[in-house]
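Q: The structure that follows is given in the form of structure tokens.
The values are calculated or read from the model by the stated rules, or taken from the named source; none is laboratory data. As the structure is a prediction and not an experimental result, all values here were calculated from the model. Backbone-built Cβ (ideal geometry, glycine too); neighbour counts: all protein chains shown. SASA here: full protein model, heavy atoms, side chains in, ligands and nucleic acids out. Shrake-Rupley method; radii C 1.70, N 1.55, O 1.52, S 1.80 Å.
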Amino acid sequence: MNQNFQFKKWVQKNLFNNWYNSILTIVCSWLLISSIKGILSWVFTQAQWSVINVNLQLFLVGRFPQQLHGRLWLSLVIILSLSGLTWGTFIQRLPQLINSFLPLAWGLSFPIILWLIGGGFGLEKVDTNLWNGLLLTLVMAVISIIISFPLGILLALGRQSQMFMVRNLSIFYIEIIRGLPLIGILFLAQVMLPLVLPDDIRLDRVLRGIAGLTLFSAAYLAENVRGGLQSIPRGQSEAAKALGLSTPLIILLVVLPQALRAVIPALVGQFIGLFKDTSLLSIVGLLELIGISRSILAQPEFLNRYAEVYLFIGLIYWVFCYSMSLASQRLEKQLGVGQR
């Protein structure tokens, strides 16, 4: 009863406190209800979702050989298991011993998953041209994030270095890359790079795409990390020097952990942006999620099914981006970002 009274009081105070707010609330409510009604009507009565049902495998794994899907399922089990354990550390439900081994487990899982997907070393190889759809999007995004993060940290430290060449080379790289559009870098990696390499050296298209994403993202990550480094008081380094720590130990044990903790929202925002930027790879011929969708829409029986296909793709992107955002918020809460 008390909660109902408080809700009515809140509605009256915030939505109907005067005549023009009341009119605005009624108009906005009508527009919102009409929009939701129209969308639900289209979703349940007009949309032809057969394009999703028929091509679900193409959306998820593209042309990956069907007889080898068991390796993908095993990779998914590994990822979900480690994700569950990681979430347990966030809510502090796991023993400390497991928490200490999780970073090592994640580090070992990535080469194992790549081995399962790509084959080799006793497994049947799968050509990267068959890595399509969501599989290719995730592979390129995760690898690019893993490589660009330490590279961005090194560039940020290099930009603040006292050594003339290191500092200026870092500045030159960061400013050049940030002054170029990502699509231009991907075009150079996919089209121009093979023209300047010797004929006997042929880099894989997926590898070239990862290189373009990594080089672009590292420059922006470097500036995010540099902002965190500048937020650390100089007294922290001076106190560490007084205790006899060397410069590398001061950076690794004192300055860098605090700097990264301060810029978690910016770093995760960059990771989310990088995940969405993989959609540009479709322009240079890679059949990731957007690229495979275009090939599906080219099928005669699914022409003009743009709304259904892109709504489904948008939902996939939203689920992964929102999951990263939730993980970031949980990590910030656990580390007390903005609280202490």
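Q: Step through the residues of the stretch 179-184 one at a time and calculate ³J(HN,Hα) from phi using the Karplus curve (6.51 cos²θ - 1.76 cosθ + 1.60, θ = phi - 60°), rounding each to whole Hz and writing x for Gly and Pro.
A: The phi angles translate into x, 10, x, 4, 5, x Hz.
Q: Over the chain, what is the relative contact order in whole percent, taking alpha-carbon pairs under 8 Å and six or more residues apart?
A: Over the chain, the number comes to 21 percent.
Q: Only helices at least 24 Å long along their own axis, judged from Cα atoms, and with Kyte-Doolittle mean hydropathy of 0.0 or greater: name those in the chain from DSSP H. Display every interim value, and only then the final one.
A: Working: long enough: 19-41 (33 Å, 1.25); 69-90 (31 Å, 1.10); 96-118 (34 Å, 1.47); 133-159 (38 Å, 2.22); 205-230 (38 Å, 0.52); 306-335 (43 Å, 0.62).
What comes out of the filter, once short or polar helices are dropped, is 19-41, 69-90, 96-118, 133-159, 205-230, 306-335.
Q: Multiply the residue gap between residue 102 and residue 76 by 0.36 nm, knock off their C-alpha separation, and tell me the result in nm, one decimal place.
A: 7.7 nm
Q: Now, a different point. Please give the length that would be gained between residue 53 and residue 332 if that part of the chain were fully extended, namely 0.36 nm times their separation in residues minus their C-alpha to C-alpha distance (nm, one decimal).
A: 96.6 nm
Q: About its Cα centre, how strong a charge dipole does the chain have in debye, to the nearest 20, once Lys and Arg get +1 and Asp and Glu get -1 at the Cβ? Let's see the in-between values first.
A: Numbers: 24 positive and 13 negative charges, 232 e Å.
With only Lys, Arg, Asp and Glu charged at Cβ, the dipole is about 1120 debye.
Q: While we're here: For P(r) over Cα pairs in 20 Å bins from 0, in percent, which listed value, (1) 22, 49, 26, 3; (2) 29, 52, 18, 1; (3) 25, 43, 28, 4, 0, comes from the coordinates shown?
A: It is the one labelled (1).
Q: While we're on this one: What residue among 77, 126, 255 shows peak mean-square fluctuation when the chain is described by a Gaussian network model with Cα springs under 10 Å?
A: 77
Q: Charges on Cβ only, +1 for Lys and Arg, -1 for Asp and Glu, centred on the Cα centroid of the chain; of 166, 233, 197, which one is farthest towards the dipole's positive end?
A: 233
Q: Now a separate question. What figure in square angstrom, to the nearest 10, would you give for the accessible area of residue 115 with a 1.4 Å probe?
A: Estimated to the nearest 10 Å², residue 115 gives 90 Å².
Q: Taking the highest mean first, how do the peptides 226-236, 137-147 order by number of other beta carbon atoms within 10 angstrom per residue?
A: Values: 226-236: 13.9, 137-147: 20.6.
For the peptides 226-236, 137-147, the packing ranking is 137-147, 226-236.
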